[in-house]
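What follows is a short report on a single structure.
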Amino acid sequence: MFLGTHSPRLDEKGRIILPAKFREELASGLVLTRGQERCIYVFSEKEFARVHEQMRDAPISSKQARDYIRVFLSGASDEVPDKQGRITIPPALREYAGLGRELAVIGAGSRAEIWDAQAWTEYLAEKETAFSETDDPIPGIL
């Protein structure tokens, strides 16, 4: 499970050092792809295979499903961390997420997410108040 918030930097070659807590789960390989809210999703190979299986069950007759799958999979990139735990984020994904040098890598349970640090700070500031004031049940949570 991926937890916490980490603050790596993007180097001049478009690489980041994965948080130490995430390295064991991702050591054999991972998949980066476009995520919602203009972040990058980071899946272990095993979790990505599970997500892909769910997508395969979507009806091919659904335009919404076809559109989502096309965007999600066309941006995917499989990576293997080097001995220092670094991965390269492809230019198209860096552009999609608006990544600068300062990043936030957050744990989101079954996946990690890579955000531009400023974008993450703004997103969190906007969502924390609503989160703390939530009193209605959220489907599938608690």
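The values are calculated or read from the model by the stated rules, or taken from the named source; none is laboratory data. Being a predicted model, the structure only gives us computed values, none of them experimental. As a convention, Cβ positions derive from the backbone with ideal geometry for all residues, glycine included, and neighbour counts pool all protein chains shown. Ligands, DNA and RNA are excluded from the accessible area calculation, which covers all protein heavy atoms including side chains. Shrake-Rupley method; radii C 1.70, N 1.55, O 1.52, S 1.80 Å.
On the protein heavy atoms, probe 1.4 angstrom, tell me the percent of accessible surface of region 1-90 carried by carbon and sulfur.
Answer for region 1-90: carbon and sulfur cover 51 percent of the accessible area.
Given N residues in the chain, what is Rg(Cα) / (2.2 N^0.38 Å)?
Normalised Cα radius of gyration, the chain: 1.09.
Lysine pairs, Cα distance under 22 Å, 8 or more residues apart or cross-chain: how many in the chain?
4
Between residue 126 and residue 37, what length in nm is gained on full extension when 0.36 nm per residue of separation is reduced by their alpha carbon distance?
Here the answer is 30.8 nm.
Please compute the per residue accessible area over region 23-129 with all protein chains in place, 1.4 Å probe, rounded to a whole number of Å².
58
Which whole-number percent is the relative contact order of region 1-98 (Cα, under 8 Å, 6+ apart)?
RCO, region 1-98: 39 percent.
At 7 Å along Cα-to-Cβ for each site, give me the label-to-label distance between residue 101 and residue 63 in nm.
The modelled label-to-label distance comes out at 4.5 nm.
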